[in-house]
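> Handing you a structure now.
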Amino acid sequence: KERRIADKNEAASDLAYKASKMAIEAAKIEPQDLDMIIVGTITPDMIFPATACILQERLGMNKVASFDLEAACSGFLYGLSIGSQFIATRTYDTILVVAAETLSKIVDYQDRNTCIIFADGAGAAILRPSDDNSGIISSYLGADGEGANLVGVPAGGSRLPTSLETVKNRQHYMKMRGNELFKRAVKIMVRAVDVSLEKGGLTHEDVDFFIPHQANIRIIKAVAKRIDLGMDKVWVNLDQCGNMSAASCAVSLDQAVRQHKIKKGDKV
């Protein structure tokens, strides 16, 4: 029904900057308090330097560790998991995790299978040590390398460098095999939930609220059914925001908190 599209002159770092400023303000800290920036994106400003470095300069920060990670739709979760390890080991105390996407720049508007699904957005979180039992109970990261050919942008990398031919063949736009992706996505998301709960010593009944990646409503409902959760406990903003890839879970988490769907002590 709705989605958000960045201005033609806006890049991922512009959206990341806005989300970061909101997160920094909410955490009641200053940019100089940050020890690290992690940016999850598949639509960086450019191949290099990292969008995180561009963001660091824009925020007026110290020369702290700043890097991008490319994990597509799971980018924000990868960032949270990696950042939490640095916090847990006390290597760093304050980490900015951002997910920002401008997918409108890489979809082919001649391909209705993709152009109507994807959108732009950004979300951010500040990670700090906890004084109580709140925080990340457990996490599970995985990747399905066998499905690498189901969705992606064929050209522009070292395998198929940019050329007049790749531009003519529209190979710099996203290609997706939706039906095959759907079958894999449900199975993999259910496994991720089950493994995470098991590692945390929890069961499906312990879950107070579920924030899935907003891929499509059929996937969300199928996963919720398999983990025995009613849709009243499942966050859905797909009809308002579309599929924002890495930014999906970040934006969803922020919206759920602001709308009081999640309260302190909930297991999410």
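> Quick check on the range 67-81. Is at least one of its residues surrounded by fewer than 20 Cβ atoms within 10 Å (Cβ to Cβ) and farther than 24 Å from Pro212 by Cα?
yes
> Tell me, which residue of the range 111-122 that is at pLDDT 95 or above and over 18 Å from Pro31 (Cβ atoms) is surrounded by the fewest Cβ atoms within 10 Å (Cβ to Cβ)?
Filtering first and then ranking leaves Phe118.
> If we keep just the residues of the range 188-206 that are surrounded by 14 or more Cβ atoms within 10 Å (Cβ to Cβ) and in contact with an Asp or Glu (Cβ under 9 Å, 6 or more places away or on another chain), which is nearest to Gly145 (Cα to Cα)?
Filtering the range 188-206 for residues that are surrounded by 14 or more Cβ atoms within 10 Å (Cβ to Cβ) and in contact with an Asp or Glu (Cβ under 9 Å, 6 or more places away or on another chain), the one nearest to Gly145 (Cα to Cα) comes out as Ile188.
> Every residue in the range 127-136 that is modelled with pLDDT of 95 or more and among the hydrophobic types (A, V, I, L, M, F, W, C), please.
Matches in the range 127-136: Leu127 only.
> May I pose another question? Pairs please, first residue from the range 240-268 and in contact (Cβ under 8 Å) with a residue 40 or more places away in the chain, second anywhere and part of a helix (DSSP H, G or I) and aromatic (Phe, Trp, Tyr), Cβ atoms under 8 Å, 6+ apart in sequence or on different chains.
Listed pairs, sorted by first residue: Ala246/Phe76; Ala247/Phe76; Ser248/Phe76; Cys249/Phe76; Ala250/Phe76.
> Moving on to the next point. Taking the range 157-179 as the search range and keeping residues that are touching a residue at least 60 places away in the same chain (Cβ under 8 Å) and assigned to a loop (DSSP other than H, G, I, E, B), which one is surrounded by the fewest Cβ atoms within 10 Å (Cβ to Cβ)?
For the range 157-179, the residue satisfying everything is Arg170.
> Taking the criterion of being in contact with a Leu (Cβ under 8 Å, 6 or more places away or on another chain) and free of Cβ contacts under 8 Å to residues at least 40 places away in the same chain, would at least one residue in the range 73-86 satisfy it?
No, every residue in the range 73-86 fails to be in contact with a Leu (Cβ under 8 Å, 6 or more places away or on another chain) and free of Cβ contacts under 8 Å to residues at least 40 places away in the same chain.
> Now, a different point. For residues in the range 198-228 being of a type in the set (Gly, Ala, Ser) and part of a loop (DSSP other than H, G, I, E, B), which is nearest to Ser139 (Cα to Cα)?
Only one residue fits best here, namely Gly200.
> Which one is farthest from Ser248 (Cα to Cα), of the residues in the range 205-216 that are modelled with pLDDT of 95 or more and of a type outside the set (Asp, Glu)?
Only one residue fits best here, namely Val207.
> Also, quick follow-up: Given the conditions (1) farther than 30 Å from Met176 by Cβ; (2) assigned to a loop (DSSP other than H, G, I, E, B), which single one is not true for Ile24?
(2)
The values are calculated or read from the model by the stated rules, or taken from the named source; none is laboratory data. Remember, predicted model here, so these are calculated numbers, not experimental data. For neighbour counting, all protein chains shown are included, and Cβ atoms are generated from backbone atoms with ideal geometry for every residue, glycine included.
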